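The values are calculated or read from the model by the stated rules, or taken from the named source; none is laboratory data. Source: prediction; values computed, not measured. Cβ placement follows ideal geometry from the backbone for every residue including glycine, while neighbour counts extend to all protein chains displayed. Heads up: the accessible areas ignore ligands, DNA and RNA and are worked out on the full protein's heavy atoms, side chains in. Shrake-Rupley method; radii C 1.70, N 1.55, O 1.52, S 1.80 Å.
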Amino acid sequence: MANDQVDAYDWVRPQADYVRREVMVPMRDGTKLFTVIVYRKGTSDGPILLSRTPYNAGRATSRNRSQKIEEILPVMDKEFVNDGYIRVYQDVRGLDGSQGDYVMNRPLRGPLNPTKVDHATDAYDTIDWLVKNVTVSNGRVGIIGSSYLGFTSLMALIDPHPALKASVPQSPMVDGWMGDDWFHNGAFRTFGYDYDLSQTVAKGGGSVPRGSGEDYAAYLKAGSAYDYARTYGLLDIPAIRKVLEHPSYDAWWQGQAVDKLLAARPLSVPTMLVVGQWDQEDSYGAPAVYKALEPKDTNNDMVSLVIGPWRHSQVNYEARSLGALDWEGDTGLQFRTRWMKPFLDCHLKTDAPACDTPPVLTYATGTNRWEVSQEWPGGAYTPLYLAGDFGLSWSKPEAGEDSYVSDPAKPVPMLPRPIHMSGEEWRTWLVQDQRFAESRTDVLSYSTSALAQPVHIKGAPKVDLHAFTSGEDSDFVVKLIDVYPEEYSEKPQMAGYQLPMGIEIFRGRYVHGFATPAPLEPGKSYNFKWSLPNIDHVFLPGHRIMVQVQSSLFPLYDRNPQGWAPSIMKAQPQDYQKATETVQRGGEAASAVWLPVVQDD
Ligand code: PG9
């Protein structure tokens with residue numbers, strides 16, 4: 001309900017314990033953005049906590065239409081509004097109540113955005129208006145949010161308003177090509193299609209109009225990503241057209257990478273970066289920004305990194321469990337109350353307590369406890385080599401190789417079929433038991449024997465794969481897996497469970513550089529290098545460490561045709577060919593996964 005007649009409107013609820021005000025806040029170009037301000041009655045001198053969202057600010061602030069403040073707001077807001085905070089949600093331009101045009105991940109003003117406005121100026125103008133007009137505030141503002149809201153929380157740090165005193169970007173979208181929503185190391189993620197549709201065309205209009213059929217079957221039948229978009233009428237959606245036009249890491253993607261934009265500017269706002277260890281959407285962004293900003297943080301007190309045992313955005317919800325896994329209590333609530341709120345309090349409150357923010361906070365899965373570190377990665381990189389007889393070895397083994405046939409007509413599924421990339425299935429797919437994949441002939445599985453000692457890793461495991469293909473292009477997927485003991489009376493349903501500790505893909509054509517795709521020479525050995533997501537995990541005694549290698553992960557990632565196609569997204573039926581993939585081990589071509597091993601006392 002973009003509304004230019006009424007600029008401010010209060011919910012009239014005499015019995016309510018809160019004030020809820022809707023305001024059209026003017027930006028520098030005259031566009032007005034729909035903004036909801038909520039606080040407990042009687043609040044004064046309160047810090048402002050702002051979120052800028054594409055997900056409907058009005059809905060976020062009227063959850064149960066209750067008289068109680070904590071009932072109308074998202075769960076994570078409770079502790080804040082009960083402690084004198086003023087909570088503000090704003091629709092980004094062009095969506096829901098806000099005026100203006102919507103651009104998916106609107107780039108910063110400059111070569112990719114010829115206008116005078118972007119998320120940095122909109123955040124600046126909003127903060128300026130808030131501190132001048134919200135009379136019950138103390139003039140100090142923090143910005144927070146997950147995913148798209150994490151992205152807007154980071155964009156506010158570019159030439160920030162002086163009243164912006166802290167930021168908590170959670171699972172922010174930072175680089176949509178390198179490892180966040182749209183591509184991972186060059187492989188296209190079809191998941192974005194449903195999302196892009198609901199964001200841009202029919203806000204509230206639902207997802208791709210193809211009925212309730214299975215995703216695996218629908219994507220396979222359609223052909224390439226372009227064919228899928230044509231089949232279902234998605235080609236007019238600006239965001240989809242853009243990704244189809246930019247399959248490689250060109251200037252368009254590079255110019256939007258928020259870690260690079262921030263690295264080029266001074267570090268002036270304390271920032272707590274948060275991500276889930278099994279974040280199925282934006283696992284790349286938070287650690288990438290941490291890595292870019294940490295060198296500027298000379299006192300180790302401006303940028304901190306938090307990794308919890310969570311799926312995407314679970315930090316803001318109940319987080320006692322994820323799929324088959326259970327934690328010691330509600331880890332989302334623990335983090336928010338023990339570390340996140342104190343971080344915001346110390347930067348935002350009047351007469352604030354001194355800050356005591358850990359530089360790095362992680363939840364060590366396996367031992368299931370929070371750990372503080374001074375730096376990240378926290379371990380020393382140690383190779384775990386692929387070895388003969390499908391073993392893994394801490395020392396370099398004899399030379400050898402293993403092969404499999406990868407058939408694009410029968411890609412390896414990401415989950416046991418039928419697959420629907422939505423709801424709980426989507427949210428937990430990264431912790432799915434991998435036994436269904438181990439038994440396929442196009443998946444290689446290497447494993448240690450049962451561990452005698454725990455192996456604790458803190459950081460992003462690095463894949464160092466030596467391989468060749470009989471085709472002209474190939475994807476490689478590597479999974480690091482914690483295999484539970486075959487007998488496990490402690491939790492019988494977990495006996496033998498193959499828990500992925502990281503699943504990541506690399507598109508072979510980018511072996512010479514992400515901006516320079518080139519065909520692979522059939523039979524020539526290449527060294528493919530990429531990283532798995534950042535984790536803190538203890539492989540316990542009795543467990544085994546496993547590494548699986550395969551060449552597809554469908555339908556989340558579009559199929560590599562394996563014949564050469566200039567853009568895989570527009571591959572033709574004849575480009576899809578079977579290929580034999582050979583993984584080398586030992587000797588000169590010693591494939592390994594490098595683990596950031598911590599020596600615990
Ligand atoms: N990561 C989300 C997203 C997916 C696809 C496109 C744009 C954003 C999000 O949850 O906001």
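Structure summary
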quantity	calculated
Per residue value of the accessible surface for the chain (all protein chains in place, 1.4 Å probe), Å²	37 Å²
Length-normalised contact order of the stretch 554-601 in % [C-alpha pairs under 8 Å, at least 6 apart]	23 percent
Paired Rg and Dmax values of the stretch 1-151, which use every Cα atom, in angstrom	14.9, 52
Distance (nanometres) between label positions extended 7 Å along Cα→Cβ at VAL405 and VAL372	5.8 nm
Charge context of GLY46, other residues only, Cβ under 10 angstrom, K/R +1, D/E -1	+2
Separation of alpha-carbon centers, the stretch 476-521 and the stretch 291-364, rounded to whole Å	27 Å
3J(HN,Hα) from dihedral phi, the stretch 373-378, Karplus parametrisation 6.51/-1.76/1.60, rounded to Hz, x for glycine, proline	10, 8, 8, 9, x, x
Rounded to the nearest 20 debye, dipole of the chain from Cβ charges on Lys, Arg, Asp, Glu	1260 debye
Per-residue SASA entry for ARG369, accessible area with 1.4 Å probe, Å² rounded to 10	120 Å²
Karplus-derived 3J(HN,Hα), 6.51/-1.76/1.60, for each residue of the stretch 257-266, Hz, glycine and proline x	5, 5, 5, 5, 4, 6, 4, 7, 10, x
Centroid-to-centroid separation of the stretch 391-439 and the stretch 15-39 [C-alpha atoms, Å]	48 Å
Share of carbon and sulfur in the accessible heavy-atom surface of the chain [1.4 Å probe, %]	50 percent
Cross-link reach list, aspartates and glutamates versus LYS78, counting only Cα pairs under 12 Å and skipping chain neighbours closer than eight places	GLU70
Solvent exposure, largest accessible area first (probe 1.4 Å, DNA, RNA and ligands not counted), of SER62, SER212, SER51	SER212, SER62, SER51
Expected 222 nm ellipticity per residue - DSSP helices of 4 or more, -39500 (n - 2.57), all of the chain, to 500	-4500 deg cm²/dmol
Charge context of ALA217, other residues only, Cβ under 14 angstrom, K/R +1, D/E -1	+3
Pairwise centroid distance, computed over Cα atoms, of the stretch 215-248 with the stretch 540-598, Å	23 Å
Prolate/oblate/rounded label for the chain (Cα gyration tensor, a/c 1.5)	prolate
Contact order normalised by residue count of the chain, Cα under 8 Å, 6+ apart, percent	13 percent
Global geometry of the stretch 351-444, whether rounded, prolate or oblate, following the gyration tensor of its Cα atoms and the 1.5 cut on a/c	oblate
For VAL360, net neighbour charge (Lys/Arg +1, Asp/Glu -1) across residues whose Cβ lies under 11 Å away	-3
Gyration tensor (alpha-carbon) shape descriptor, the stretch 34-112, a/c threshold 1.5	prolate
